[in-house]
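The values are calculated or read from the model by the stated rules, or taken from the named source; none is laboratory data. Here the structure is a predicted model, which means the values were calculated and not measured. Ideal geometry is used to build each Cβ from the backbone, glycine not excepted, and the neighbour counts take in all protein chains shown. Ligands, DNA and RNA are stripped out before the accessible areas are found, and what is left, the full protein with its side chains, is counted by its heavy atoms. Shrake-Rupley method; radii C 1.70, N 1.55, O 1.52, S 1.80 Å.
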Amino acid sequence: MELKTLCELNGASGQEGAVRKAILEAARPLCDDIRIDRMGNVIAFKKGRTGGRHLLFSAHMDEVGFIILDATEEGLLVFRPVGGIDPRVTVSKYVVVGEKKWKGVIGALAIHLQSAEDRKRVLDYDGLYIDIGAKTRDEALADCPPGSYAYFDSCYQEFGDGCAVSKALDDRVGCYNLLRLLENTYDADVTCAFVTQEEVGLRGAAGAAFAAQADTVLVLEGTTAGDMGDVEKVRRVCEPGKGVAISFMDHASIAHRGLYGELMALAQKRGIAHQVKRGATGGNDAGAYQRSKQGVRTCVLSVPCRYIHGPSSVVKLSDVEAQYDLARAYAEEAKAE
Amino acid sequence: MMLDTLKTLLSVYGPTGQETQVAEAVKRLLEGHVDGMRTDVMGNLIVEKRGEKGGKTILFSAHMDHIGLVVTDIEDTGYLRVTNVGGVGVDSMRCRHVVFANGVHGVAVCQPTKGETAGMQHLFVDIGAGDRAEAEKLVKLGDVCVFAPDLIPLGQHRYASPAMDDRCACALLAELLMQLSAPRNTVVAVFSVQEEVGLRGAAAAAYQVAPDLGVALDVTAWGDTPEVKLPAVKLGEGAAVKFMDRSMIATPCVRDALIAAAEKANVPYQREILPFGGTDGGAIQHSRGGVPTGTLSIPCRYVHSACETIDMRDMDSALAILKVFVNGEY
Amino acid sequence: MRIEDFLKEVTAVPGVTGNERAAAEYIAQAFRPFADEVEITPLNCVVAHKKGSGPRVLICAHLDEIGMMVSKIEEDGSLRLQSVGGVDPRVLPGMRVRVYAREGMLTGVVGATPPHLLKEADRKSNYNWDTLFVDMGMDAAQVRQRVRPGDTVCFEARYVEMKNDRVAAKTADDRACVAIMLEAARRLEKMDHTADLYFVATCQEEIGSYGALISGFALAPDYGVAFDVCHADTPGAPKNSTSKITSLVTSKGPFLNGFLVKKLEEAARENGIELQVAVDPRYTSTDADELSVTRAGVPTVLLSLPIKYMHTNVETLDLRALKEGGRLLAHYLAAVEESWEDELWN
């Protein structure tokens, strides 16, 4: 399945249905067993030629989005983010709302009508609304009842020199690469877990981890690249174009030292472009896997994404390839200990 | 001897996530004293001393890891940029002697903050490198430095050192295992990893062991220096039986059993009600279907600094309490 | 026993988070007539099992209450307190609190400086844990003999019956919902249900829903229903944070299963029970959060009883809403069936 197709599907935390359906269809012919578990994760299993090792690759299906709480008397929808979205990124953006996919905009008061003081204030969610053109509260709520979801109305586009811009690159890049991993055969048993609700607390992964039988877990993610703008050189975390970013630690997990070393050496050996993620911020599903039951070895492989958690995130496609190449190399070389 | 065991364990490098050397040191001490030793996938050292048939399984946990700073980037000028591993306050790292696993020494410094509240982004470590290339020969991204070892006696009974949290409890637990013979209950001692980043090792260990009871061993804060009143715990007045902290409310039957053990052993003890902080006890109590759990604490001044200070009389009191506790009927 | 009488008694029984034994014992005996088995677990959850063939449903409301622990006894015999769970210290000045010492319950008074002695500046700042103290009405030596650091302290407990079926009591959070579970269990005695039902009064919700976590692990349910209180309309509350006090609320959002919420709304509609909808973009701050991710995951719904003045000792609720809650829960649980499995993820 194309990265473009995956990114353009709408599926925020708790409403991953469309993504789940597409992934089920794409993965089913490629694996020996596939099921939906009790968190709504898609768990695809591929028996290895010899067994002896069991690897689990994980990527999350959910993207950040919005949920409707209520509407004002004038018919404007009151909304909040699902997952972490900076409110400043939402102003003046296009959205699509509810089951009927109503077109809407997140407007802002025209600059002409703002006082000098207004212009200095940072807008927060209680001052922002989605306008779908409804005239009354009843009309708005009939079309988009409380609990409806809204998404950035944003298409995937390749641009510049090998870059792509889209919503949801975090973590459809991971899902994209997991599907590709399923196309090959390996000596080791391989599980690909497409999980839910990462953006609201690593929840799908916690469920997947409980049932998992793997000896090693590799999480394929999208991570912040802060290499543009006024960010100091030592705070950039990672840079698009320099390859897959390997993490030694973040807020939710500490990479297994042996595994981290193996991955660095493997990338070197196979000439796969890679970088160390220069920071210990953020948290991802590796935290859920590592803490589950008796613990398990984990490491995180990330594609650097600029402007993550917004409508126009940017990646370098060669990094997406590098993430796939390293994951595949690890799966191919996994030998029984 | 407790003091020798303590000195051995204090000098070992073992920040959160890299506790192997501490586990090795504990293993050497316990060789021949226990019925079984193994290391799990996270690095917890799990040690067993079998009890009588019909006895319960008691899990004791003391964490091997201590806090440090991890290298996240290297300036062109050779200074290291870092962030915290575990609860490190900027104040404890102002012009502080630190050391890496490979023996490289450095000075942790807080740069001028220009009015902002000082945070990790204002820290750097000076390892004497003239530029990035020189620095990269000495350290790698992801390397962790810790307070340089520095044990000082204070007065007749007290010692100050980095890593008292929680090596003093590791020493206590090791001494218990070395001195214990034929306990009524099976003792599973977990020398745990990654406590400082959220009790992660203890959670994994408790899941594996599935004990009947749990007791975490850790330091607690103090209430006996100028302007510090809570918790109402004083150095030299005995081990502290914890009633609560922010990770756990001690299960009444276990906390009462610890108090009963102290009274039976006729040693001083204190009641501890801590307004912040947590221990492995939280992870053990909430594992699987729940485990009755308590915590026995060593009062410690200046926790999470390079001069964590304890009183050896409190360690003695704790050991005496535990020796009675392991033989209780539960 | 009428549900109002149960409510009056159960809200007064002491059960501060982590020290819930007395509350667990009271609740266990109340469930016995309506369940096949009732047990109290080592960490003080009450599990009342109403047998069925399946699916297995875990319904929970928490039995622990916020309160305090004595942290220190001062030289003059006054007690310092530490909060257990989210206690706002500003509700305490002038309250008669209940100190649970070895000998039983002792009355204490939370001191407040007389107005005559207050300086202007004092009036502008709030009482906090450092300045509050409890007067036990005895000299220091006696206090030290009879009270210990670590003793638990509860709010004053009165049950105030007001107009329009409104009631104010401490610990409506969450024993009012325990009452709703009891009411449902009672009704289900006369209803058919295939579901295998576990009513759990959980411990330790107020410090992190640990009771839900360990119960979910131990009982391995197929579905979950969490029951807690939510905020009723009150002046000054932020927009979109409250509901009408007169009827129950269910939540929609990522943590709750959309299909099960739909079935709940159906059960309400078919039985003429009013059900409001709230939206939780992330945490619900109830047992639902932990229950829904125990083991391999548990599809869960959340039902809430709106109350005013949450976490004070005058939490106010509507008795008719409470009774309707019992009715709705019973009908929903009676509707649970095996075929729901096929529709969970549509």
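Quick look at the values:
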| item | result |
| --- | --- |
| Accessible area (Å², 1.4 Å probe, nearest 10) - C:ARG187 | 80 |
| Relative contact order of chain A, defined on C-alpha pairs under 8 angstrom at six or more residues apart (%) | 23 |
| Whichever lysines have a C-alpha closer than 19 Å to that of B:LYS264, once near sequence neighbours (fewer than 8 apart) are set aside | B:LYS242, B:LYS323 |
| Chain B: angle of helix B:312-325 to the longest principal axis, Cα-based, in degrees nearest 10 | 40 |
| Sites C:GLU274 and C:ARG148, calculated FRET efficiency, Cβ-Cβ separation with R0 41 Å, nearest 0.05 | 0.25 |
| Accessible surface of C:GLU343 - all protein chains present, 1.4 Å probe, nearest 10 Å² | 80 |
| Computed label-point distance, nm, for sites C:THR194 and B:GLU227 using a 7 Å Cα→Cβ extension | 6.8 |
| Sites C:ASP88 and A:GLU183 - FRET efficiency at Förster radius 56 Å, r taken between beta-carbons, to 0.05 | 0.45 |
| Pairs of Lys in the range C:225-309 closer than 18 Å at Cα, counting only those 8 or more apart or on different chains | 6 |
| Chain C - mean residue ellipticity at 222 nm from DSSP helices (-39,500 (n - 2.57) per run, n ≥ 4, rounded to 500) | -8000 deg cm²/dmol |
| 10 Å Cβ neighbours from other chains, averaged over peptide B:75-83 | 2 |
| With all protein chains modelled, accessible area of A:LEU259 [1.4 Å, Å²] | 0 |
| Relative contact order [Cα under 8 Å, 6+ residues apart], chain C, whole percent | 23 |
| C:THR234-C:ARG102 FRET efficiency (beta carbon distance; Förster radius 30 Å; 0.05 resolution) | 0.15 |
| Whole-percent pair-distance distribution, where bins are 20 Å wide, for the alpha carbons of the protein assembly as shown | 12, 41, 39, 7, 0 |
| Reach of B:LYS137 by Cα under 24 Å, taken over lysines that are not fewer than 8 positions away in the same chain | A:LYS233, A:LYS242, A:LYS269, A:LYS277 |
| Probe 1.4 Å, all protein chains present, accessible-area order of C:ARG56, B:ARG38, B:ARG28, C:ARG80, largest first | B:ARG28, B:ARG38, C:ARG56, C:ARG80 |
| Reciprocal of mean inverse Cα separation for chain B (Kirkwood radius, Å) | 20.1 |
| Cα-projected label distance for B:ARG246 with B:ALA133, points at 7 Å along beta-carbon direction, nm | 4.8 |
| Reachable lysines, given that their alpha-carbon falls under 18 Å from the alpha-carbon of C:LYS50 and they are not under 8 places away in the same chain | C:LYS190 |
| In nm, spacing of pseudo-spin labels at A:ASP126 and B:HIS122 (7 Å Cα→C-beta vector) | 3.1 |
| Exposure ranking of A:LYS103, A:LYS46 by accessible area [1.4 Å probe, largest first] | A:LYS103, A:LYS46 |
| Pairs of Lys in the range A:65-152 closer than 25 Å at Cα, counting only those 8 or more apart or on different chains | 7 |
| Gap separating the Cα centres of the range A:96-169 and the range B:59-130, nearest whole Å | 42 |
| Candidate residues C:LYS244, B:LYS53: accessible-area rank, largest first, probe 1.4 Å | B:LYS53, C:LYS244 |
| Linear extension gain, A:LYS269 paired with A:THR5, 0.36 nm per residue minus alpha-carbon span | 91.7 nm |
